[in-house]
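Working notes for the structure below.
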Amino acid sequence: MRPQRGYAVEGFAPTGRAARQLRDAGISADTLQSFLVRGGQQTAGDPNSRHLYMVDESSLASTRQMQAFLEKIGPQDRVLLIGDTRQHQGVDAGKPFEQMKQAGMRTAQLDTIMRQKDPDLLRAVEHLSRNETATGISLLQQQGRITEILDRAERVVAIAKEYAARQENTLVVSPDNASCREINEAIRAELQSSGVVSKDDHRMEILTHRSDLTNVERSWAAKYDPDDVLYYTRGSKEHGIERGSYATVVSTNAKDNQITVERNDGQHVTYDPRRLQGITAYREITREFAEGDRIQFTAGNRELRVSNRDLGTIERIDGTNVTVRMDGDKERSVRFDAAQIRHFDHGYAVTSHSSQGLTADRVLVNMDTTTHPELINTRFAYVSVSRAARDAQIFTNDTAVLGERLSTNVNKTSAIDLQKPQPTTHQQTPTKEPAMDNKVQSKEEQRQQRHEMPATIYADLLPKRMMEQDIRDLTKAAIPGNEVAVERVEARHSKWNSGEIPEIAGRYIDLVKDALREHPERTAQQHIAALKPSAEDKAHWLPLAQALDYKTAETFTWKGETGPIQSYRSEETKGWLHIDRHGDFYDRHAQPITRENALEQVGKGAAVNMTGELSNAKGVGNDQGISL
């Protein structure tokens, strides 16, 4: 009810779950996206209508969302932003909450943690919340909350058994969707064998969100794949696409930036994705569900009154009709047709991003130190462990390096950050000749010093099963008379690359042979872990390795980085490439360009610095790098 004097209070949040939590607290609330779609408040221009807007989980809001929100409210209104800059940031560009705080926004700090009921666990979480990650992990280890299991498959089984032993109010958190699927399958197997989950499986076609697409990437036809399922929040009268409808991608034309989709009525429509806004992309996959299964909704539904990432347990499956008992203080069940509502998945294990905002008595966390640093970092450590009220158990492959790996600080870079002068901490222009030392460098160390692609990058992209086969074959190759084993490895890699084996694959084979000779005591799994590249090498080289074929990538040297953008120079044409971790290409002014344009510029050789400014990129000899 609106007060006669003062402010009417209304809440918003970037996620449906956070909005529901505001409603549970007695505040009228909705998602931030819904507010923007309906055009804001009709009374924004009325000076007598005053609102106090509370925006929860503000750290998840993008720059465009925050700008659009602030533009739609009136000067008589007030805004209270609530968030934690130490937790996960949003997927789309920008970090407005953090920037406004840094710019001097008046701030009140809540520094008393209420969730943790166990005093020892609370001490560890307090350190994690202050970015003292190594100390927090050390405390958890001293408390006996960390279990080391080197083998990935064995670790997944151990997590599943631990969950099955005490399921009530237990949450499993893992860094990525792939590992979550593995853990979900292992837990289901445990629960089906014990009779908790029915063995009568029902195969269903569900939609999984293409979280790899950013807001910018959704405007590029080349980023879509045939059979992608698109959901249209706004629709298009011009193309006969209704609001709230779905269509399937039939084909793409990267050159003209056109995609062709098939609507529900079977009609084909071709359009430029830059012209349509409010599109979400999904992939269709098959999953098996049974009565007793835990599920997670992966999109909100107003009719069912469920939010994205809500959890529940399947009570009954009747054909395609599914009845789910929802988690929460109030007992409630929902019933839906799985052939029509396909936004759900197994819900035993969730990603750290999905867990943000949840609370459980006990949390089991999978922390594999070989996972990409974009996923294993300070934010992951803080969010995942702090979900626990009474107990947190960590399962890792390497206790010795866990604290160091989790201490990686990953922050989004904004356009403002790119315009700031960057410290040249990596400049390799010594003021005097360095002293000689007697250390003998390996060929790989020499290559890395010259900033050429290390063979470990190639190893990181190989399927695990293929690496295991290589290790077995190359072990046999060390025995006299088994030279054919090397030929078998080369043939396998040539087939994997669909052609002539590139030089980097040969260097990878030498790398494995050296490792087998120097460390005969290692198991195959230990060799695979040792062949993984360093976090720095992955940050520098994966964008190039994933964007180009290996033979072409071998002709480039790494020259530096400007925020999230890595810069490379072709040693053949002397032209430059600028690529970010998503595989997006940029010109030397950090403006997005197509892959075709980027490769065309490389073929023409080094670009002339039209601005006359010095490069701001951190790196080596980056005289033709990005200029801002």
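Nothing in this text is a laboratory measurement; each read-out follows from the coordinates by a stated rule. This structure is a prediction, so every number in the text was calculated from the model and none was measured. A quick note on method: Cβ atoms are made from the backbone with ideal geometry, for glycine too, and the neighbour counts reach across all protein chains shown.
Protection proxy ranking of 287-299, 377-389, by the mean of other Cβ atoms within 10 Å over each peptide's residues and highest first, is 377-389, 287-299.
Rg and Dmax, both from the Cα atoms of segment 221-266 and both in Å, are 10.5, 29.
Give the calculated FRET efficiency between R325 and L150 to the nearest 0.05, with a Förster radius of 45 Å applied to their Cβ-Cβ distance. After rounding to 0.05, the efficiency reads 0.75. In this calculation the C-beta distance from R283 to R106 is compared with R0 = 35 Å, giving a FRET efficiency of 0.20. For segment 486-556, the alpha carbon convex hull comes to 106 Å³ per residue, rounded to a whole number. For the pair K237 and Q258, label points projected 7 Å from Cα toward Cβ lie 2.4 nm apart.
Each of D337 and Q469 was given a label point 7 Å from its Cα along the Cα-to-Cβ line. The distance between the two points is 4.5 nm. Among K72/K223; K223/K495; K476/K532; K495/K532; K476/K559; K513/K551, which pairs are too far apart, with a Cα-Cα distance over 30 Å? Those over the limit are K72/K223; K476/K559. Could you calculate the FRET efficiency of E521 with T248 from 1/(1 + (r/R0)^6), where r is the beta carbon distance between them and R0 is 60 Å, rounded to 0.05? Plugging the Cβ-Cβ distance into 1/(1 + (r/R0)^6) gives 0.70.
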